[in-house]
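Peer 1: First, the structure itself, so that you have it in front of you.
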Amino acid sequence: MHKRICVIDGQGGGIGAILIKSIKENFGESLELIALGTNAIATAQMLKAGANRGASGENAICRTAAAADVILGPISITWANAMLGEVTPDMAQAVTSCAAVKILLPLFQEAAEIVGVAREPLPHMVRSAVEEKLKEVLSRV
């Protein structure tokens, strides 16, 4: 059975699209890759990048996150009202409360600082998230 990997992103879906391309390059078709966008544009970008399926909006994220094995995305998917309000409190709760392992990139536009996290270029973070952390997590779940 394929592991269900959900990539969640909002706004233009660029970060999610980059994650999906990297996952496809590293894992091929061995995973069920679901794009979950806070809006239709983000979902469309992630589908174009190679996700197997996709859905948009609060209900899709809340229901699908509960059935995921792993969730990837920017850390702001766990913050209520992040991404200019696109991440609803229910979306953030669904992501943080589900049993899936979360692999989060420290990218956000909110007025916050995360201590102890080195600032890396996006390609380095994606490589670390997919080629190192996702491989490690999949060996456990």
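None of the figures in this text is laboratory data; all of them are computed from the coordinates on show. Computed from a predicted model, the values in this text were never measured in an experiment. Neighbour counts run over all protein chains shown; Cβ positions are idealised from the backbone, glycine included.
Peer 1: Determine whether ALA44 is aliphatic (A, V, I, L, M), in contact with a Lys or Arg (Cβ under 8 Å, 6 or more places away or on another chain), under 15 Å from GLN11 (Cβ atoms) and surrounded by 14 or more Cβ atoms within 10 Å (Cβ to Cβ). Reasoning before the result, please.
Peer 2: Values: aliphatic (A, V, I, L, M): yes; in contact with a Lys or Arg (Cβ under 8 Å, 6 or more places away or on another chain): no; under 15 Å from GLN11 (Cβ atoms): yes; surrounded by 14 or more Cβ atoms within 10 Å (Cβ to Cβ): yes.
The answer is no for ALA44.
Peer 1: Which number in (1) under 17 Å from ARG4 (Cβ atoms); (2) surrounded by fewer than 14 Cβ atoms within 10 Å (Cβ to Cβ); (3) in contact (Cβ under 8 Å) with a residue 40 or more places away in the chain marks the one condition that LEU84 misses?
Peer 2: The failed condition is (1).
Peer 1: Please go through region 1-50 and pick out each residue that is of a type in the set (S, T, N, Q) and over 28 Å from SER139 (Cβ atoms). Walk me through it before giving the result.
Peer 2: Initial filter on region 1-50 (of a type in the set (S, T, N, Q)): 11, 22, 26, 30, 38-39, 43, 45.
Of everything in region 1-50, those that are of a type in the set (S, T, N, Q) and over 28 Å from SER139 (Cβ atoms) turn out to be GLN11, THR38, ASN39, THR43, GLN45.
Peer 1: Which pairs have Cβ atoms under 9 Å, sit 6 or more apart or on different chains, and link a residue in region 33-47 that is under 16 Å from THR64 (Cα atoms) and without any contact (Cβ under 8 Å) to a residue 60 or more places away in the chain to one that is crowded, with 21+ Cβ neighbours inside 10 Å and of a type in the set (Phe, Trp, Tyr)?
Peer 2: none
Peer 1: Restricting attention to region 1-33, report how many residues are in a strand (DSSP E or B) and crowded, with 24+ Cβ neighbours inside 10 Å.
Peer 2: So the first thing to find is which residues in region 1-33 are in a strand (DSSP E or B), and the list is 3-9, 31-33.
Retained after the next criterion (residues that are crowded, with 24+ Cβ neighbours inside 10 Å): 5-9, 33.
The qualifying residues number 6.
Peer 1: Within region 43-97, which residues are polar (S, T, N, Q), in a helix (DSSP H, G or I) and touching a Gly at 6+ places or on another chain (Cβ under 6 Å)?
Peer 2: Going through region 43-97, the residues polar (S, T, N, Q) turn out to be 43, 45, 52, 56, 59, 64, 76, 78, 81, 88, 93, 96-97.
When the remaining residues are screened for being in a helix (DSSP H, G or I), the result is 43, 45, 59, 64, 76, 78, 93, 96-97.
The answer is THR43, GLN45.
Peer 1: Residues to consider are GLU86, GLU113, GLU131; find the one that is closer than 25 Å to ASN26 by Cα and not polar (S, T, N, Q). Give the derivation first.
Peer 2: Values: GLU86 fails: closer than 25 Å to ASN26 by Cα; GLU113 fails: closer than 25 Å to ASN26 by Cα.
Criteria check complete, one pass: GLU131.
Peer 1: Going by the conditions given, is THR38 touching a helix residue (DSSP H, G or I) at 6+ places or on another chain (Cβ under 8 Å), among the hydroxyl-bearing types (Ser, Thr, Tyr) and surrounded by 21 or more Cβ atoms within 10 Å (Cβ to Cβ)? Steps first, answer last, please.
Peer 2: Details: touching a helix residue (DSSP H, G or I) at 6+ places or on another chain (Cβ under 8 Å): yes; among the hydroxyl-bearing types (Ser, Thr, Tyr): yes; surrounded by 21 or more Cβ atoms within 10 Å (Cβ to Cβ): yes.
Spelling it out, THR38 is indeed touching a helix residue (DSSP H, G or I) at 6+ places or on another chain (Cβ under 8 Å), among the hydroxyl-bearing types (Ser, Thr, Tyr) and surrounded by 21 or more Cβ atoms within 10 Å (Cβ to Cβ).
Peer 1: Now, a different point. Just one of (1) part of a loop (DSSP other than H, G, I, E, B); (2) among the acidic types (Asp, Glu); (3) in contact (Cβ under 8 Å) with a residue 40 or more places away in the chain trips up GLU131, so point out which.
Peer 2: (1)
Peer 1: May I ask you to verify whether MET125 is more than 18 Å from ALA35 (Cα to Cα) and assigned to a helix (DSSP H, G or I)?
Peer 2: Working: more than 18 Å from ALA35 (Cα to Cα): yes; assigned to a helix (DSSP H, G or I): yes.
Against the criterion (more than 18 Å from ALA35 (Cα to Cα) and assigned to a helix (DSSP H, G or I)), MET125 qualifies.
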